[in-house]
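To start, the structure itself, in structure tokens.
The values are calculated or read from the model by the stated rules, or taken from the named source; none is laboratory data. Just so you know, these numbers come straight off a predicted model, no measurement behind them. Every residue, glycine among them, receives a Cβ derived from its backbone with ideal geometry; neighbour counts consider all protein chains shown. Only protein heavy atoms, including side chains, enter the accessible area calculation; ligands, DNA and RNA are left aside. Shrake-Rupley method; radii C 1.70, N 1.55, O 1.52, S 1.80 Å.
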Amino acid sequence: MSLAVTAQGGTDTTSDPFRFVGPPTATGFSPLTGLPAGGTLVGITGTDLSTTTGVTFGGVPATFAVLSATQVAAIAPTHSLGAVSITVITTGGSATAPGVFLYLLG
């Protein structure tokens, strides 16, 4: 599929088609626990993660880096004690990792 653009000066066609970005999956993460003060580096695995735009721990945004289409690294943010879900948001949608991240006292 190609894209054609028509303007006053004429028409131009590109052979680089638009690509559909599939929804992500989050298949796991490690480690499973961290301190309420935050700062734990968490590796998240899955598929279609290359367009990640956000990571949350219990709804709290985290600092993150996309390592590949199957790996994202995030720093657990400050959070109260307890279990939270980790969610990855991409341009194709969002996915919540199985299990919970547990904020524990050290």
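Remarks
- Test: residue in the stretch 71-93 that is of a type in the set (Ser, Thr, Tyr), open to solvent by 40 Å² or more (accessible area, probe 1.4 Å), modelled with pLDDT of 95 or more and in a strand (DSSP E or B): no
- Of all residues in the stretch 45-70 being over 10 Å from Pro24 (Cβ atoms) and hydrophobic (A, V, I, L, M, F, W, C), the one that is most open to solvent (accessible area, probe 1.4 Å): Leu67
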